[in-house]
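Participant: Sharing a structure, written as structure tokens. Questions coming.
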Amino acid sequence: MNKSFLVFLCCIAPLWLWGQSKSKSVKVEWGKEYKESRSATLTDIVAFDKTNIYGLKYKNGGMFGGGSQYELEKYDADMNRVRSNKIELKNANVPDSFFLLELNNKIYLFSSYPDQGSKQNTLSVQEISKKTLGPVGSKKDIANIDYKGKSRRNSGKFGYDLSRDSSKLLIYYNLPFDRNEEEQFGVHVFDNQLNELWHKEIKLPYEDELFDIERYKVDNEGNVYLLSLIYNSKRRSKRNGDPNYKYQIFSYADEGTSKKEYPIELDEQFLTDMQIEITDNQDIICAGFYSDQGTFSIKGSYFMRIDGESKKVKAKSFKEFDIDFITQNMSSRQAEKAKRRAAQGKDVELYEYDLDDLILRNDGGCVMVGEQYYVKTLTRTDVNGGVTVTNYYYYNDIIVINVDPEGKIDWASKIPKRHVSSNDGGFYSSYAKAVIRDKLYFVFNDNAKNLYNAEDGKVYNFNLGKDALTVLVTLDRKGKQSREALFNARETEVLIRPKACEQTAHNQMVIFGQKRKTQRLAKLTFK
């Protein structure tokens with residue numbers, strides 16, 4: 001065969017090969033297309049049942065936010081939109097805190113608005129009808145922040161966490177403070193019918209400038225856990241070359257009357273990221289990344305299991321990433337440089353990875369999922385003094401670390417991906433994830449060259465052009481991965497927004513697609 005024809009064939013292969021491919025892993029069922037303003041997008045799937053999907057849509061009102069609004073949308077089992085209703089917000093303003101949750105098969109709207117007259121910031125909740133998408137009954141106030149003597153900026157903010165079995169809801173908030181005051185916060189715990197079980201306002205003996213609460217958790221029994229970061233002196237990661245902070249967990253049980261502290265002792269490594277989960281027997285699982293250099297790179301992963309009652313460390317392990325893992329998906333020049341540094345005994349670490357999720361396995365092990373994410377800002381000044389600011393959003397490789405029931409870090413796998421975009425917040429970037437039996441599935445937008453030309457070792461950036469498609473990566477229990485095309489953007493007329501996709505059943509995921517004014521949903525059923 002003519003060599004030039006072979007080159008031509010390789011260039012067109014992604015298009016004609018995709019048209020004939022059928023996924024062996026998943027069935028894709030698309031709903032009807034519908035047209036929307038380009039400023040409108042689905043931000044979250046807030047509820048789902050056997051017959052319907054409920055999504056939250058945001059419509060941007062422009063530079064100054066005038067006319068911005070939220071709508072609740074309802075889709076049937078065929079992924080077709082059957083109803084939409086505007087969410088009425090007080091004075092047509094976006095509230096200080098705002099979220100929708102499904103509890104006990106009902107949808108609830110939570111919102112708060114600081115009142116400058118009374119200096120009260122009150123969180124209210126109201127049921128939303130699944131049939132009409134309108135409000136049911138009247139609002140109920142469930143938490144309050146008194147910020148008398150403080151500015152509007154110091155009115156506090158509400159957040160939430162759901163227990164793993166969705167039976168308990170935690171509402172938390174920081175209380176107003178003055179500079180150098182001790183850290184103060186409040187927690188309210190509810191059951192899934194919004195009956196309050198207990199609440200408590202807590203003061204910890206740490207100055208606000210030297211203390212951060214990284215995460216709040218509530219377990220299935222209604223106990224509350226705080227993952228905190230405590231600085232030894234000034235707020236910085238290093239002092240005289242050593243770590244200048246430590247992680248510590250605080251727990252509040254027996255309706256807040258019983259308090260425990262769990263210092264996290266892991267030698268002298270910089271713990272750059274940590275997630276915690278609480279098992280059914282109240283063991284505390286801590287897992288994340290560590291570094292020898294600082295807080296912007298990672299050298300390996302770690303795992304700890306702490307007995308919630310005795311505070312004893314039941315299991316602890318570290319796993320340093322090997323050089324082949326680190327250099328995977330690098331260019332030849334980058335890989336050679338990294339290997340040369342490693343051969344000279346110098347540290348070689350991965351840059352800017354965030355730990356997104358900690359998944360507890362049924363056998364007592366866990367899986368960590370992270371992604372390389374960072375933002376670069378470039379400022380240019382033209383000859384007339386005009387300034388242009390461009391923000392570049394990087395959502396690159398996914399890493400997955402598997403930990404066995406004994407706490408040993410079994411394997412680490414890196415999924416190649418390159419998403420670089422500007423001034424869009426990473427609109428089409430990142431990934432959606434589903435846990436199906438003993439496999440993990442990752443869905444994201446990709447460049448077709450990564451599917452058909454992977455042998456050259458280069459990872460091509462996803463873009464909105466003709467090579468754009470959505471792929472499925474399957475990761476089995478041994479860390480082996482496979483990649484296949486799900487659909488081509490030109491045929492479906494949309495690209496998925498991974499941040500608005502959700503696993504909705506033990507073997508199903510709902511994905512949202514959008515491009516220009518076209519929007520549609522699809523249901524993925526895993527075989």
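The values are calculated or read from the model by the stated rules, or taken from the named source; none is laboratory data. Just so it is clear, the structure is predicted and the values come from calculations on it, not from any experiment. Using ideal geometry, Cβ is built from the backbone for each residue, glycine included, and neighbour counts are taken over all protein chains shown.
Participant: Out of segment 159-211, which residues are under 30 Å from E102 (Cβ atoms), among the acidic types (D, E) and in a strand (DSSP E or B)?
Facilitator: D161, D191, E196, E201 - these are the residues of segment 159-211 that are under 30 Å from E102 (Cβ atoms), among the acidic types (D, E) and in a strand (DSSP E or B).
Participant: Give segment 282-302 a look and list any residue that's of a type in the set (G, A, S) and assigned to a strand (DSSP E or B), or say none.
Facilitator: Of all residues in segment 282-302, those of a type in the set (G, A, S) come to 287-288, 291, 294, 297, 300-301.
Within segment 282-302, A287, G288, S291, S297, G300, S301 meet the criteria.
Participant: I'd like to know if segment 129-150 contains one or more residues that are touching a Pro at 6+ places or on another chain (Cβ under 6 Å) and over 26 Å from Y252 (Cα atoms).
Facilitator: From segment 129-150, those touching a Pro at 6+ places or on another chain (Cβ under 6 Å) are 147, 150; that's our starting set.
Keeping just the survivors that are over 26 Å from Y252 (Cα atoms) gives 150.
Yes - at least one qualifying residue is present in segment 129-150.
Participant: How many residues are among the basic types (K, R) and either in contact with an Asp or Glu (Cβ under 9 Å, 6 or more places away or on another chain) or buried (at least 18 other Cβ atoms within 10 Å of the Cβ) (or both) when one looks only at segment 488-512?
Facilitator: Number of matching residues: 2.
Participant: Follow-up. Which condition number in (1) touching a residue at least 60 places away in the same chain (Cβ under 8 Å); (2) touching a Lys or Arg at 6+ places or on another chain (Cβ under 9 Å); (3) assigned by TED's automatic domain parsing to the domain that holds T525 is the one that V435 fails?
Facilitator: Going through the list (1) touching a residue at least 60 places away in the same chain (Cβ under 8 Å); (2) touching a Lys or Arg at 6+ places or on another chain (Cβ under 9 Å); (3) assigned by TED's automatic domain parsing to the domain that holds T525, V435 breaks only (2).
Participant: Name the single residue that is surrounded by the most Cβ atoms within 10 Å (Cβ to Cβ) among those in segment 299-337 being of a type in the set (A, V, I, L, M, F, W, C), touching a Phe, Trp or Tyr at 6+ places or on another chain (Cβ under 9 Å) and at pLDDT 90 or above. Show your work before the answer.
Facilitator: Quick first cut of segment 299-337, residues of a type in the set (A, V, I, L, M, F, W, C) only: 303-304, 306, 313, 315, 318, 321, 323, 325-326, 330, 335.
Checking which are touching a Phe, Trp or Tyr at 6+ places or on another chain (Cβ under 9 Å) leaves us with 303, 306, 315, 318.
Now restrict to residues that are at pLDDT 90 or above: 303, 306, 315.
Numbers: F303: 23, I306: 21, A315: 17.
The extreme case among them is F303.
Participant: Still on this model: Of these, K139, K168, which one is of a type outside the set (F, W, Y) and either in contact (Cβ under 8 Å) with a residue 24 or more places away in the chain or in contact with a helix residue (DSSP H, G or I) (Cβ under 7 Å, 6 or more places away or on another chain) (or both)?
Facilitator: That would be K168, the only listed residue that is of a type outside the set (F, W, Y) and either in contact (Cβ under 8 Å) with a residue 24 or more places away in the chain or in contact with a helix residue (DSSP H, G or I) (Cβ under 7 Å, 6 or more places away or on another chain) (or both).
Participant: Taking the condition part of a strand (DSSP E or B) and closer than 30 Å to S331 by Cα, does V420 pass?
Facilitator: yes
Participant: Then there is this: Residues that are farther than 22 Å from D44 by Cα: which strands (runs of 3 or more DSSP E) entirely in segment 457-527 hold 3 or more of them?
Facilitator: 468-475, 481-488
Participant: Continuing with this model, one more query. Taking into account only those residues within segment 266-281 that are touching a strand residue (DSSP E or B) at 6+ places or on another chain (Cβ under 7 Å) and not in a strand (DSSP E or B), which is nearest to E320 (Cα to Cα)? Working first, answer last.
Facilitator: Of all residues in segment 266-281, those touching a strand residue (DSSP E or B) at 6+ places or on another chain (Cβ under 7 Å) come to 266, 268-279.
The next check asks that each one be not in a strand (DSSP E or B); those that pass are 266, 268-269, 279.
Working: L266: 14, E268: 15, Q269: 12, T279: 26 Å.
Applying the filter and picking the extreme gives Q269.
Participant: Across segment 424-456, what is the total count of residues that are farther than 15 Å from I511 by Cβ and part of a strand (DSSP E or B)?
Facilitator: Looking only at that region, the number is 4.
Participant: Something else now. Condition test on R361, is it out of contact with any Gly (no Cβ under 6 Å at 6 or more places or on another chain) and at pLDDT 90 or above?
Facilitator: It is true that R361 is out of contact with any Gly (no Cβ under 6 Å at 6 or more places or on another chain) and at pLDDT 90 or above.
Participant: If you take the residues of segment 212-228 that are aliphatic (A, V, I, L, M) and either in contact with an Asp or Glu (Cβ under 7 Å, 6 or more places away or on another chain) or modelled with pLDDT under 95 (or both), which of them is surrounded by the fewest Cβ atoms within 10 Å (Cβ to Cβ)? Even if it seems obvious, please write down each step before you answer.
Facilitator: Quick first cut of segment 212-228, residues aliphatic (A, V, I, L, M) only: 213, 218, 224, 226-227.
Those still in the list that are either in contact with an Asp or Glu (Cβ under 7 Å, 6 or more places away or on another chain) or modelled with pLDDT under 95 (or both) too: 213, 218, 227.
Values: I213: 16, V218: 25, L227: 21.
Ranking the qualifying residues of segment 212-228, first place goes to I213.
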